[in-house]
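Input: a single structure, listed below in structure tokens.
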Amino acid sequence: MKRIEADTARGRERVPPGQYLVGDRWPVLTYGTTPKVDLKSWDFRVTGLVENPLRFSWEEWNELPKVEVKADMHCVTSWSKLDNVWSGVQAKHLLKLARPKPEARYLSAFCDGGYTTNLPVEELYEEDALFATHHNGEPLTPDHGWPLRLVVPRLYAWKSAKWIRGIELLEEDRPGFWEENGYHNYGDPWREQRYVFDE
Ligand SMILES: Nc1nc2c(c(=O)[nH]1)N[C@H]1C(S)=C(S)[C@@H](COP(=O)(O)O)O[C@H]1N2
Ligand SMILES: [Mo]
């Protein structure tokens, strides 16, 4: 398995301003309740502005090549958890399979339970962005996103959608759940882009 040590901070201060460390603890941050997921009806889709729309059953998903990514996690509510080892499918591998059209500049991630979040497409071409099934060698627990979550370590963790079921590639940006409810549209922890009024 390919191993990636993410320099999520890109040479800047490792812990972004205004964050504190939780050590080995891993808080659960969910709006609402943990959805029940049935692997028999589960699928993962790549839709919208792609040359090759994709749909995977759980069995098909598990045939995809895996990577391991070591990365930090920064929640907008100020906790950070360092050195998480995630494993799963590298996001850019999936994009290569789906072949985004030139006009696809944004994407919306959609989840069981109805949560959504938006990202510029280039964020999923970063080495450390992945769709993770495992954390520190163990399958994700239901509260942390089992069976699959997106992990985008360079941005605040609300972009790391749990229980993800797919991504839709878009020409125009489409704010997700928290982005519609006062969080910053992009969410760079090193620029403290927490809320809509932060630059
Ligand atoms: N589907 C879904 N994904 C989500 C959330 C959520 O409420 N629903 N919360 C986000 C927030 S605000 C954070 S900080 C992280 C927390 O992940 P954790 O609960 O595994 O620590 O998940 C993100 N992904
Ligand atoms: Mo968060």
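The values are calculated or read from the model by the stated rules, or taken from the named source; none is laboratory data. Since the model is a prediction, treat every value here as computed from it, not as a measurement. Cβ: placed from backbone, ideal geometry, glycine included. Neighbour counts: every protein chain shown.
The set of residues in region 54-66 that are surrounded by 15 or more Cβ atoms within 10 Å (Cβ to Cβ) and assigned to a strand (DSSP E or B) comprises LEU54, PHE56.
In region 1-53, of all residues being away from ligand 2 (no atom under 16 Å from the Cβ), outside any loop (DSSP other than H, G, I, E, B) and of a type in the set (A, V, I, L, M), the one that is surrounded by the most Cβ atoms within 10 Å (Cβ to Cβ) corresponds to VAL46. Would you mention how many residues in region 41-61 are away from ligand 1 (no atom under 15 Å from the Cβ), in contact (Cβ under 8 Å) with a residue 40 or more places away in the chain and over 30 Å from ARG194 (Cα atoms)? Looking only at that region, the number is 8. The single residue among ARG165, ARG194, ARG174 that is surrounded by fewer than 22 Cβ atoms within 10 Å (Cβ to Cβ), more than 15 Å from ligand 1 (Cβ to nearest atom) and at pLDDT 95 or above turns out to be ARG174. Restricting to region 140-150, name every residue that is of a type in the set (A, V, I, L, M, F, W, C) and either within 13 Å of ligand 2 (Cβ to nearest atom) or surrounded by fewer than 23 Cβ atoms within 10 Å (Cβ to Cβ) (or both). Of everything in region 140-150, those that are of a type in the set (A, V, I, L, M, F, W, C) and either within 13 Å of ligand 2 (Cβ to nearest atom) or surrounded by fewer than 23 Cβ atoms within 10 Å (Cβ to Cβ) (or both) turn out to be LEU140, TRP146.
Annotation: LEU119 fulfils all but one of (1) surrounded by fewer than 22 Cβ atoms within 10 Å (Cβ to Cβ); (2) within 13 Å of ligand 1 (Cβ to nearest atom); (3) without any contact (Cβ under 8 Å) to a residue 60 or more places away in the chain; the unmet one is (1).
Taking the conditions exactly as written (more than 17 Å from LEU169 (Cα to Cα), surrounded by 21 or more Cβ atoms within 10 Å (Cβ to Cβ) and among the hydrophobic types (A, V, I, L, M, F, W, C)), does VAL69 satisfy them or not? Show your work before the answer.
On the way: more than 17 Å from LEU169 (Cα to Cα): yes; surrounded by 21 or more Cβ atoms within 10 Å (Cβ to Cβ): yes; among the hydrophobic types (A, V, I, L, M, F, W, C): yes.
So VAL69 passes the test.
Of the residues making up region 72-94, just one is more than 27 Å from ARG25 (Cα to Cα) and either of a type in the set (Lys, Arg) or exposed (fewer than 14 other Cβ atoms within 10 Å of the Cβ) (or both), namely LYS92.
Looking across region 130-151, the residues that are touching a residue at least 60 places away in the same chain (Cβ under 8 Å) and part of a loop (DSSP other than H, G, I, E, B) come down to TRP146, PRO147, LEU148. Taken together, the residues in region 26-55 that are under 16 Å from THR77 (Cα atoms) and more than 20 Å from the chain's Cα centre (by Cα) amount to 0. A count restricted to region 90-110 and to residues that are more than 15 Å from THR133 (Cβ to Cβ) and either assigned to a strand (DSSP E or B) or in contact (Cβ under 8 Å) with a residue 60 or more places away in the chain (or both) stands at 11. Screening the candidates SER80, SER87 for the property of being within 13 Å of ligand 1 (Cβ to nearest atom), in a strand (DSSP E or B) and in contact (Cβ under 8 Å) with a residue 40 or more places away in the chain yields one hit, SER80.
Quick one: count up the residues across region 154-175 that are within 13 Å of ligand 2 (Cβ to nearest atom) and assigned to a loop (DSSP other than H, G, I, E, B).
Here the count works out to 4.
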